[in-house]
1. Name the pairs whose Cβ atoms lie under 9 Å apart, with the first residue in the range 434-452 and within 15 Å of Asn405 (Cβ to Cβ), the second loosely packed, with under 15 Cβ neighbours inside 10 Å and of a type in the set (A, V, I, L, M), and 6 or more positions between them or separate chains?
2. Check Val102, Val93 and return the single one that is more than 15 Å from Val198 (Cα to Cα), out of contact with any Asp or Glu (no Cβ under 6 Å at 6 or more places or on another chain), aliphatic (A, V, I, L, M) and in the same structural domain as Asp163 (by TED's automatic domain parsing).
3. Kindly establish whether Ala260 is hydrophobic (A, V, I, L, M, F, W, C) and in the same structural domain as Gln387 (by TED's automatic domain parsing).
4. Is at least one residue of the range 204-217 among the β-branched types (Val, Ile, Thr), outside any loop (DSSP other than H, G, I, E, B), within 24 Å of Val93 (Cα to Cα) and in the same structural domain as Phe486 (by TED's automatic domain parsing)?
5. Quick check on the range 414-454: of everything there that is touching a helix residue (DSSP H, G or I) at 6+ places or on another chain (Cβ under 7 Å) and among the small types (Gly, Ala, Ser), which residue is farthest from Gln393 (Cα to Cα)?
6. Filter the range 461-501 for residues that are among the basic types (Lys, Arg) and closer than 19 Å to Ser230 by Cβ and give the result.
7. When you scan the range 389-400, do you find a residue that is charged (D, E, K, R) and in contact with a strand residue (DSSP E or B) (Cβ under 9 Å, 6 or more places away or on another chain), even just one?
Amino acid sequence: MRKLLLFCLACLLTSCSDAPPAPGPGPQADSSPARPIAGAVEQEAVAEVVFPLGFWPEIDDLRPLGARSVHAAGLLNQIFEGLVGFDDSLRVVPRLARSWEVAEDLQSYTFQLRDDAVFHDGEPVRAEHVRASFESFARQADDSFWIVAPIVGAEELRSGQADHLAGLELLPEGGLRLRLQAPDGIFLRHLAMPNLAVSKPHRADPSIEVGCGPYQLKNIDQTAGRIVLSPHASYHGKMPSLNLVYQRETQPLLAYQRDALHIAPFSGPSPLFDSTHVHSWPSLSTTYLAFDLRYQETRSRELRRLVNAVYLRSRFVANSARSATTAFGPVPPGLSGYRDQAAPELGERPRRLDEVVTLSASFSDLELERFLTRELEPYGVQLMPGQPAQLRQASWIADFPDADNFLRVLFHSQSGLNLAHYAEPELDSLLVSARRMSAEPARSEIYRRVVEQLVHDLPWVFLWHTENRLLVSPRLRGLRTCALDFQGALMLPQTRLELLP
């Protein structure tokens, strides 16, 4: 979430942010090795399912505000719940809201809340809790403030000019209404992110945030890197039947082999694991090389076309062991604007430049750096490590499933994540227009036009879209996966898990 900030490829195996903000003043682990959570309602579970904790150091910052990486978000989605969420097909579905209405002008969203949702300590969830959670997030959010920024009064609350979020109105019948500053056809997807989950301080331990999701926090062992979740007995939906454990393992494949983990990230292939263990599915992510268009050398479209063509002809992804598919545009499979083939001109035989061009380059994938340096040299392009980089490798994982989260975030001229410094007023206008409509055919057509423009202008070398690949114990049933998952971090609530003997 912008916890899933743009990140260098080296971070693919660690976190999902190239420069994650410093953790907020979250609750601190006490001096004891294991910390049971005061007031947690104990439930007997027949077994434990153990997931890898991943590379998330702040394991005691268990608040929606702490959802700064996919590893954090996947865990927090088990404990906390928002007004809406995503199903297995990434459609927006009810969670704490039983229904909603979107005004015709797309500036007002009205929600009716469930009457059977309760927190882990037994207190019913009310609209006042939703308001308190939204306001707390707006006051404390840093790089993730954009999630609530569309709401009227969010900036005033953040800056201290207001005491409450003016655009959040509590309704007499117990519902609430959100008013937005401008028409927004995809704001529901913001509300499905874990950052806007509903929580409250624990009665017995104010340092702990209490959620209302399918699992409750049972204990934290900071020393061992272990978090234990138990089923929430009063959950309004399907209640889990097993404890869910997140365990930090320095060697996850070995832990998986000895059955200490029931899932593990896997790059493969390996003769140790057959198809009964290996599961693969798409990921909403893209990896690319951005040309910094502020430099004279990179403003040459001939140069940009040459680098793209040489990369495509090399079949780099097909000839490497990485779990990915070659990218032919910026949008990954499954979203509007995805391209399944390269532009015809990139299939033409590359021609050597008339004069040698040297580019300063920054790579996080050593294999790719060596490969492109070798392949481009015969065509008159020399890549030299250096800063500031005229060619920079980076990646992006979706915050939510919509092409807007790739195209507007990474190419709008006012976006701080536009590493290419690409500026095209007409494209900016199209992206704003798409955001302000809800009709999918019309939005999809705009995104198609935007991608066609980008494929023509080539501000990037489109590299690859990563695929999820995971080892899953044959004893484990009911694992829920989706395209928002990444490197073993699973985003959906795991309420269907069963563990066979």
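1. Ala434/Ala442; Arg435/Ala182
2. Val102
3. no
4. Yes; the residues of the range 204-217 include at least one that is among the β-branched types (Val, Ile, Thr), outside any loop (DSSP other than H, G, I, E, B), within 24 Å of Val93 (Cα to Cα) and in the same structural domain as Phe486 (by TED's automatic domain parsing).
5. My answer is Ser433.
6. Of everything in the range 461-501, those that are among the basic types (Lys, Arg) and closer than 19 Å to Ser230 by Cβ turn out to be Arg480, Arg496.
7. Yes, the range 389-400 has at least one match.
The rows are residues; the columns are (1) within 30 Å of Asp340 (Cβ to Cβ); (2) free of Cβ contacts under 8 Å to residues at least 40 places away in the same chain; (3) surrounded by fewer than 23 Cβ atoms within 10 Å (Cβ to Cβ); (4) acidic (Asp, Glu).
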| position | (1), (2), (3), (4) |
| --- | --- |
| Val461 | yes, no, yes, no |
| Thr466 | yes, no, no, no |
| Arg469 | yes, no, yes, no |
| Phe486 | yes, no, no, no |
| Leu492 | yes, no, yes, no |
| Arg496 | no, no, yes, no |
| Leu499 | no, no, yes, no |
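The values are calculated or read from the model by the stated rules, or taken from the named source; none is laboratory data. All of these numbers come straight from a predicted model, not from anything done at the bench. All Cβ positions, glycine included, derive from the backbone under ideal geometry; neighbour counts span all protein chains shown.
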